[in-house]
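Worksheet for the structure shown next.
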Amino acid sequence: MALISMGFLLPHVVLQISHTRLNAFNALLPFGTDPAVAYGIIAADLLVVVTVTGILRGWFTGTRRPWVWRVTHLAAYLSWPLGLVHGLTVGRAAPTWVVIAYLLCLSAVCCALVLRLVVTVRPASSVPGEVRAASEQLSPPGSAPAPEPVRRPSPHRRRRP
């Protein structure tokens, strides 16, 4: 999903630079721009971070800090509303149908977020042996937890009788 978003974002930024509405420096850093444009730049920067960390997710899970990926990936929750504010406030006034479409998207995402929180934050089951469905886990479906490393005795260490 992030790659699709980047596919739409890149032409948008290139067009803004080519029409001299934005320079290359301001396309990366929001200093000295209109606040509505700055919201879009910050949202774009966060989207790039989310995309890069999503691509490098395997590297994060191989470290001792897989939570770093999760925390960094939460930037998407900030990027999206900033992008909405940017879309509604930059340039000319948005027509009514655009505002309604934005509000419908916002309400759908809020409902999905509430549903996700209800499903994943609920207390663990008191029934022993009950396994949650893959859709109830915070990890994507099909991803198994990392296996515990096998501890083998060192050949240089002697066992005590």
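The values are calculated or read from the model by the stated rules, or taken from the named source; none is laboratory data. All values reported here derive from a predicted model rather than from experimental measurement. We place every Cβ from the backbone using ideal geometry, glycine too, and count neighbours over all the protein chains shown. Heads up: the accessible areas ignore ligands, DNA and RNA and are worked out on the full protein's heavy atoms, side chains in. Shrake-Rupley method; radii C 1.70, N 1.55, O 1.52, S 1.80 Å.
Things to note:
- Using a probe radius of 1.4 angstrom, the carbon and sulfur fraction of the accessible surface of region 1-101 is 73%.
- Couplings for region 5-11, taken from phi via the Karplus curve 6.51 cos²θ - 1.76 cosθ + 1.60 with θ = phi - 60°, read 4, 5, x, 8, 5, 4, x Hz in order; Gly and Pro are left as x.
- Arg65-Val85 pseudo-label distance in nm [points 7 Å out on the Cα-to-Cβ vector]: 2.8
- Cα-based shape type of region 1-131, given that a ≥ b ≥ c are square roots of the gyration tensor eigenvalues and the cut on a/c is 1.5: oblate
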